[in-house]
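As structure tokens, the structure follows; a few thoughts come after it.
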Amino acid sequence: METLSFRLSAPTRAGGTRMQAIVGVVASGNLEVLLERAAPADSCMIDITTAAHGFGAVWEAVVRDFVDRRPAGGLRISINDGGARPDTVALRLAQGVRKIEEPER
Amino acid sequence: MSDWGMQKAALGQRLAAGQQHAKGKVVPIPSLPAFLKAVIRSGDRVCLEGDNQKQADILASALANLDPHDVHDLHMVQSGVVLPAHLDMFDKGIARRLDFSYSGPQSARIARMLFGGKIELGAVHTYLELFARYFIDLTPNVALIAAVSADKDGNLYTGPNTEDTPTVVEATSYKNGLVVAQVTEIVDKVPRVDIPGDLVHFVVEAGRPFYVEPLFTRDPAAITETQILTAMLAIKGIYAPYGVRRLNHGIGFNTAAIELLLPTYGEKLGLKGKVCTHFALNPHPTMIPAIEAGWVDQIHCFGSEVGMEDYVAARSDVFFTGPDGSLRSNRAFCQTAGLYACDMFIGSTLQIDLEGHSSTVTTSRIAGFGGAPNMGSDPRGRRHPSEPWLKAGAEAAPDADAALRRGRKLVVQIGETFGERNAPLFVERLDALELARKVDLDLAPVMVYSDDVTHIVTEEGIANLLLCRNKDEREQAIRGVAGYTDIGRARDSKLVEKLRARGVIRRPEDLGIDPLDADRRLLAARSIKDLMLASGGLYRPPSRFRNW
């Protein structure tokens, strides 16, 4: 297991009022993403536990693009990764942001 | 005076030798080894029918079990190297030289044997190219073929998997070669005559069907959201604007996703009747929902697909069928159709380099090409116009005189930026080059050359290479859809944005596609069982795909 942490400034605050959301599953080639509204509104904290070693530069590129493109301000995101491809990671992060924006049901 | 009948005389000798072990045309199974020893000469050029799908498996194991002291140094000329026996005969020294097209399940072993010098490789061909050489410089002395049934005169019924057989028999029998067929059973009257009996010299009753591989079945349950996204991009960004009606699909999951999105996403875009009406394609089970929804006018097939026989027979308005009701496939004709009468080929690959060359060869596997390089190439002999062909030609050469400008076939490579085990799709240098160096080949085994490929589709977007005006633009267009691979992260972001402004690169958002809409619920069938239900029970999936 490898752990990675990123503290990024996030220009846009995450929408909605939900306090947390979870998407994905821990499985080979997949990942679980927990989003909590527990960071300052202008930053995003991302902690990753991954089964795949040596992909730090790719993770950094993926999460930097994520906070640039999606409203992620105020979120603390925990990722439990089962060796997912970068495109799957980007998709799950985007899905997580959409889910935390949804009204509570 | 020269004797102009030497080949006929040699055939006469083979026939007489074989007759010692046969009753009429029928060779009993126990006599098969002695029969093969009698009719095959060391150094012969032999086509052991190994096709993309069906295999003359009984004849293959009998040939591989011969004593190399009796028969050796054969030159095998067959499209598919699929069964272990196909390579066992090289291990034993029965065969020495090989010319082929496709090696699928044997790809790792064939690579090891090439490195070990067990196989002397002629070339890796595309199907149509190997078939062409059967008539010029690789004509078989002996063809060992497979069919469903025969009558006592040797008339053969091949059933839905006709595949290569007519081509192999034409080249062998009319050039004084010997044709031996394995059949499941010998009957009084065959359901239809696929091969006339006077071209077939001997028949072996195997007592069981030939082996056939379900190569074109893709389980919808395994299709990922990213593959759905690439399929949405292809449909909205290529099929729709070019109006692609005549096409061929590869066998990967991306194109399976496209097939399953036609009745849902394609319908929503109003594309029914405007795209995907005519195919050169095997009967893919994932085509069932689109066919049932009335999308498809006509499909000509290279071969059949296990379990699709009854469905195809019940949809003769769409498929080519014989008077017996079952599918008539023909690989040579369908490859020709895919080359000349289709406006688009779209398929997956394993590696794409910075120029756009692509290859399915890795240093440890030589999978061969099958038909992809043929379908995935621009036919320079084409003369009939069509809307997509003319539009692509105009994009490539906007300033040329329209009446003198060649059109262009759309050759699309589609895939995710990272493949199995996180292997990057984009590379600085193809593994095929390393392989060519190691085995001392004149040509690296490239599947689609860069000057044929027109579009690359990944989850990051579409690169339209027709619109690139120089090498630098082309490289940045490829980097610009290469995602988080090393190639993608080393892009020149400014130039990539310029290319995007010109429409050379189109992102999902440029096409009005939200990646979050790439949902498995968009698939018209989400499992093999769904496909079976959509066919009204006519599709009978092989047991390995039944998980309910």
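The values are calculated or read from the model by the stated rules, or taken from the named source; none is laboratory data. Source: prediction; values computed, not measured. Cβ placement follows ideal geometry from the backbone for every residue including glycine, while neighbour counts extend to all protein chains displayed. Just so you know, the surface numbers come from the protein's heavy atoms only, side chains and all, with ligands and any DNA or RNA stripped out. Shrake-Rupley method; radii C 1.70, N 1.55, O 1.52, S 1.80 Å.
Summary of computed values
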| item | result |
| --- | --- |
| Shielded residues, region A:23-60 - accessible-area loss of 10 Å² or more between chain alone and all protein chains, probe 1.4 Å | A:55, A:57, A:58 |
| 10 Å-binned pair-distance histogram of region A:2-101 (Cα, whole percent) | 18, 56, 25, 1 |
| DSSP bridge orientation in region A:2-101 - percent antiparallel, rounded to nearest 5 | 70 |
| Surface/4 of the Cα convex hull for region B:1-147, nm² | 9.7 |
| Among beta bridges that DSSP assigns inside the protein assembly as shown, antiparallel share in %, nearest 5 | 40 |
| Spread of Cα-to-Cα distances over 10 Å intervals beginning at zero, given as percent, for region B:342-462 | 13, 40, 30, 14, 2 |
| Gap separating the Cα centres of region B:305-365 and region B:459-482, nearest whole Å | 27 |
| Degrees, to the nearest 10: A:56-69 long Cα axis against longest axis of chain A | 20 |
| Share of alpha-carbon pairs per 10 Å distance bin for the protein assembly as shown, given as whole % | 3, 15, 23, 23, 18, 10, 5, 2, 1, 0, 0 |
| Fraction of accessible area attributable to carbon and sulfur, region A:2-101 (%, probe 1.4 Å) | 50 |
| Shape of region B:428-548, Cα gyration tensor, a/c cut at 1.5 | oblate |
| Calculated from backbone phi, Karplus (6.51, -1.76, 1.60) coupling profile of region B:456-470 in Hz, x at Gly/Pro | 10, 10, 10, 5, 7, x, 10, 9, 9, 6, 4, 8, 7, 9, 7 |
| Percent RCO, i.e. relative contact order, over chain B, from Cα pairs under 8 Å lying at least 6 residues apart | 14 |
| Qualifying trypsin sites (Lys or Arg not before Pro) for region B:363-398 [loop in DSSP, other Cβ within 10 Å: at most 16] | B:380, B:383 |
| Estimated [θ] at 222 nm from DSSP helical runs (n ≥ 4, -39500 (n - 2.57)) normalised by residues in chain B, nearest 500 | -7500 deg cm²/dmol |
| Degrees between helix A:86-101 axis and first principal axis of chain A (Cα, 0 to 90, nearest 10) | 20 |
| Table column - 3J(HN,Hα) (Hz), region B:542-548, Karplus curve with 6.51, -1.76, 1.60, x for Gly and Pro | x, 4, 5, 9, 9, 10, 10 |
| Pairs of alpha carbons in chain B whose separation is greater than 35 Å (percent) | 38 |
| Antiparallel %, DSSP beta bridges [both residues in chain B], to 5 | 30 |
